[in-house]
Amino acid sequence: MPHVPAPLRRVFWLSSLGVALAWGAVGLFQSVVPTWIIDLLDVSNLVVAGGAAALVMVCSVSAQLVANRLGTVLCRTLGIGAVGVGMVGLLVVDFAPSLALLCAVTVVVGVGHGLSFAGAMRAVGAAAAEHAPDAQGGTLAAFFTVGYVGLAVPSICAGIAITVQGMHVAVLELALIGAVLCGVVAVLGVRTKGGDRAEQASTVA
């Protein structure tokens, strides 16, 4: 089982929870949003629906390519903040359906995911290298485990919620919950950044 040494746990959980939320948002775009688009915008073109699933990942990869230009804490905080804004954007799209607005929201979520993942990965890697170099493998394994749980659980919950409550209500609930949780993690990241020397060192680098 992956193990995270005690000196790393604060950085690990703050970073991993942010990544889990970011993956959860991407999971919604991969599983629920395409069908939601068809219903909400009354389109029959599957390319339009599937385009959101593709666009969010393209934007994520693009953001990761430029993430090294940002400091670790800034990158991670901007990323999770952007994901939260994207979740709020889904609420706006629901009340004011617009393909252009949905594309903008998709870009924001994709960029947020890329920045959040890159910043969190850098923070966890730097902390492990400094405080527990012998546990880097296990720490990163645990990091990816939390991230992929974050990808799976919201999609499963979405399926259950859609079955019980319908697409419209389920998307609104998941977007609202996601926005609140992203806000909490972003605030925690800002409040604790000064106490994490490993993150500061990687930011300077």
If we keep only residues of region 95-112 that are buried (at least 16 other Cβ atoms within 10 Å of the Cβ) and of a type outside the set (A, V, I, L, M), then the residue farthest from Ser15 (Cα to Cα) is Thr106
Considering residues that are surrounded by 18 or more Cβ atoms within 10 Å (Cβ to Cβ) and modelled with pLDDT under 85, the number found within region 1-19 is 2
Reported set for region 79-97 where residues are under 14 Å from the mean Cα position of the chain (by Cα), under 15 Å from Cys59 (Cβ atoms) and of a type in the set (Gly, Ala, Ser) is Gly79, Ala82, Gly86
In region 58-82, anything of a type outside the set (A, V, I, L, M), surrounded by 23 or more Cβ atoms within 10 Å (Cβ to Cβ) and in contact (Cβ under 8 Å) with a residue 60 or more places away in the chain is listed as Thr72, Arg76, Thr77, Gly79
The helices (runs of 4 or more DSSP H) lying entirely within region 100-205 that contain at least 2 residues which are farther than 26 Å from Asn68 by Cβ and modelled with pLDDT of 85 or more are 136-165, 167-192
* Asked: Could we say that Leu115 is more than 22 Å from Phe12 (Cα to Cα), in contact with a helix residue (DSSP H, G or I) (Cβ under 8 Å, 6 or more places away or on another chain) and not charged (D, E, K, R) here?
  -> no
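Out of Leu41, Leu55, Leu46, which single residue is surrounded by fewer than 18 Cβ atoms within 10 Å (Cβ to Cβ), farther than 25 Å from Val124 by Cβ and under 16 Å from the mean Cα position of the chain (by Cα)?
Values: Leu41 fails: under 16 Å from the mean Cα position of the chain (by Cα); Leu46 fails: under 16 Å from the mean Cα position of the chain (by Cα).
Exactly one residue qualifies, and that residue is Leu55.
Determine whether Val73 is at pLDDT 90 or above, out of contact with any His (no Cβ under 8 Å at 6 or more places or on another chain) and not in a loop (DSSP other than H, G, I, E, B). I'd like the intermediate steps shown before the answer.
On the way: at pLDDT 90 or above: no; out of contact with any His (no Cβ under 8 Å at 6 or more places or on another chain): yes; not in a loop (DSSP other than H, G, I, E, B): yes.
Here the answer is no, as Val73 does not meet what is asked.
From the list Thr106, Thr139, pick out the single residue that is among the polar types (S, T, N, Q), over 19 Å from Ala63 (Cβ atoms) and in contact (Cβ under 8 Å) with a residue 24 or more places away in the chain. Even if it seems obvious, please write down each step before you answer.
On the way: Thr106 fails: over 19 Å from Ala63 (Cβ atoms).
Just one listed residue meets the conditions, Thr139.
Take Ala22 and tell me if it is modelled with pLDDT of 90 or more and crowded, with 18+ Cβ neighbours inside 10 Å. Outline the logic, then answer.
Values: modelled with pLDDT of 90 or more: yes; crowded, with 18+ Cβ neighbours inside 10 Å: yes.
Here the answer is yes, as Ala22 does meet what is asked.
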Cβ pairs under 9 Å, 6+ apart or interchain, first in region 163-175 and under 14 Å from Ile37 (Cα atoms), second among the hydroxyl-bearing types (Ser, Thr, Tyr), ordered by first then second residue, are Met167/Thr35; Ala170/Thr163
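The values are calculated or read from the model by the stated rules, or taken from the named source; none is laboratory data. Because the structure is a prediction, the values reported are computed rather than measured. Reconstructed Cβ throughout: ideal geometry from the backbone, glycine too, with neighbour counts over all protein chains shown.
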